[in-house]
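For reference, the structure is listed below as structure tokens.
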Amino acid sequence: MPSPRRSVEGRPLGASASSSSSSNSPGSPAHGGGCNRFEFQSLLSSRAPVADPTCARLRASESPVHRRGSFPLAAPGPSQGAPLPEEDRMDLNPSFLGIALRSLLAIDLWLSKKLGVCAGESSSWGSGRPLMKLLEISGHGIPWLLGTLYCLSRSDSWAGREVLMNLLFALLLDLLLVALIKGLVRRRRPAHNQMDMFFTLSVDKYSFPSGHATRAALVSRFILNHLVLAIPLRVLVVLWAFILGLSRVMLGRHNVTDVAFGLFLGYMQYSIVDYCWLSPHNVPVLFVLWNEP
């Protein structure tokens with residue numbers, strides 16, 4: 001049996017032919033088919049799920065969907081399930097009291113601006129501003145203090161000195177309480193106000209409460225209880241107190257709530273003065289300077 005022919009390298013011709021044919025095939029390594037299969041398999045293996053749970057959590061945390069909180073990464077642990085502190089939560093349901101207070105403040109500012117008809121010369125009632133400023137001086141603390149001291153020095157009766165001494169005590173108490181509340185609340189005066197008052201102190205730049213309103217209510221109640229006046233005069237005293245309080249809003253000095261609370265505070269201040277009434281029997285040292293000759 002004849003032996004098969006061999007090639008120059010000593011290999012069978014059939015094997016060489018089959019080898020050359022296989023090398024010319026599209027999937028052979030000569031054409032890059034084997035290399036492409038190898039790269040494709042390595043790419044698939046690199047996209048396979050990672051067995052390491054730490055890497056999985058890191059990749060999931062970097063996902064933009066997870067950052068928006070669309071799905072939980074894992075079961076919440078003790079630290080993840082803890083509720084937020086109360087100060088970090090958004091109050092989406094404000095209380096009824098808060099809504100009522102904000103509404104009252106808005107109404108107060110709106111009404112005060114509407115009633116400020118004498119706040120400036122160009123206002124609707126600007127021509128009546130000088131009269132309102134004269135009424136303002138009638139309720140200022142300095143004229144009342146100086147007038148009380150003068151009358152006290154000229155009085156020649158124990159009954160008159162006792163009444164005037166308590167009026168002086170009431171005026172000083174009013175100044176102290178109003179200055180204290182203004183310093184604590186620190187509410188600014190209305191924006192349409194002009195700071196051209198008769199005399200101002202450091203706390204007079206604040207608005208709540210109205211010192212003129214407290215003084216008007218205090219003095220009017222004091223006069224009605226300790227002076228014998230006819231009915232028309234008593235009506236005039238009450239009208240003076242209310243018109244003085246209204247003039248504070250018309251001049252733009254105060255808001256409506258400042259005057260309303262001032263009238264209430266002045267009315268209650270007289271109760272304090274009446275309870276702590278000064279007389280020659282309980283505080284005789286205060287009456288030494290005005291002994292009878």
Tally time: how many residues in segment 156-182 are touching a Pro at 6+ places or on another chain (Cβ under 7 Å) and of a type in the set (Phe, Trp, Tyr)? 1
If the requirement is being under 29 Å from the mean Cα position of the chain (by Cα), among the hydroxyl-bearing types (Ser, Thr, Tyr) and open to solvent by less than 50 Å² (accessible area, probe 1.4 Å), which of these qualifies: 279, 271, 247, 220? 247
Which pairs turn up if I take residues in segment 219-236 that are assigned to a loop (DSSP other than H, G, I, E, B) and look for partners that are open to solvent by less than 80 Å² (accessible area, probe 1.4 Å) with beta carbon separation below 8 Å, at least 6 apart in sequence or on another chain? 229/223; 229/237
Would you call residue 129 assigned by TED's automatic domain parsing to the domain that holds residue 240, of a type in the set (Lys, Arg) and either without any contact (Cβ under 8 Å) to a residue 24 or more places away in the chain or in contact with a helix residue (DSSP H, G or I) (Cβ under 6 Å, 6 or more places away or on another chain) (or both)? no
Quick one: how many residues across segment 109-145 are touching a Phe, Trp or Tyr at 6+ places or on another chain (Cβ under 8 Å), among the aliphatic types (A, V, I, L, M) and not in a helix (DSSP H, G or I)? 1
What number goes with the only condition from (1) closer than 28 Å to residue 123 by Cβ; (2) open to solvent by 50 Å² or more (accessible area, probe 1.4 Å) that residue 178 does not pass? (2)
Of (1) open to solvent by 50 Å² or more (accessible area, probe 1.4 Å); (2) in a loop (DSSP other than H, G, I, E, B); (3) in contact with a helix residue (DSSP H, G or I) (Cβ under 6 Å, 6 or more places away or on another chain), residue 209 satisfies all except one. Which? (1)
From the option list 230, 241, 213, single residue qualifying as over 28 Å from residue 128 (Cβ atoms), small (Gly, Ala, Ser) and at pLDDT 90 or above is 230
If I filter segment 252-266 for residues that are within 27 Å of residue 153 (Cα to Cα) and either among the hydroxyl-bearing types (Ser, Thr, Tyr) or assigned by TED's automatic domain parsing to the domain that holds residue 180 (or both), do I get at least one hit? yes
Against the condition among the hydrophobic types (A, V, I, L, M, F, W, C) and open to solvent by less than 30 Å² (accessible area, probe 1.4 Å), how does residue 185 come out, does it pass? no
Yes or no: segment 143-164 includes at least one residue that is among the acidic types (Asp, Glu) and under 36 Å from the mean Cα position of the chain (by Cα). no
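The values are calculated or read from the model by the stated rules, or taken from the named source; none is laboratory data. All of these numbers come straight from a predicted model, not from anything done at the bench. Backbone-built Cβ (ideal geometry, glycine too); neighbour counts: all protein chains shown. Each accessible area value is taken on the protein alone, full model and side chains, heavy atoms only, with ligands, DNA and RNA left out. Shrake-Rupley method; radii C 1.70, N 1.55, O 1.52, S 1.80 Å.
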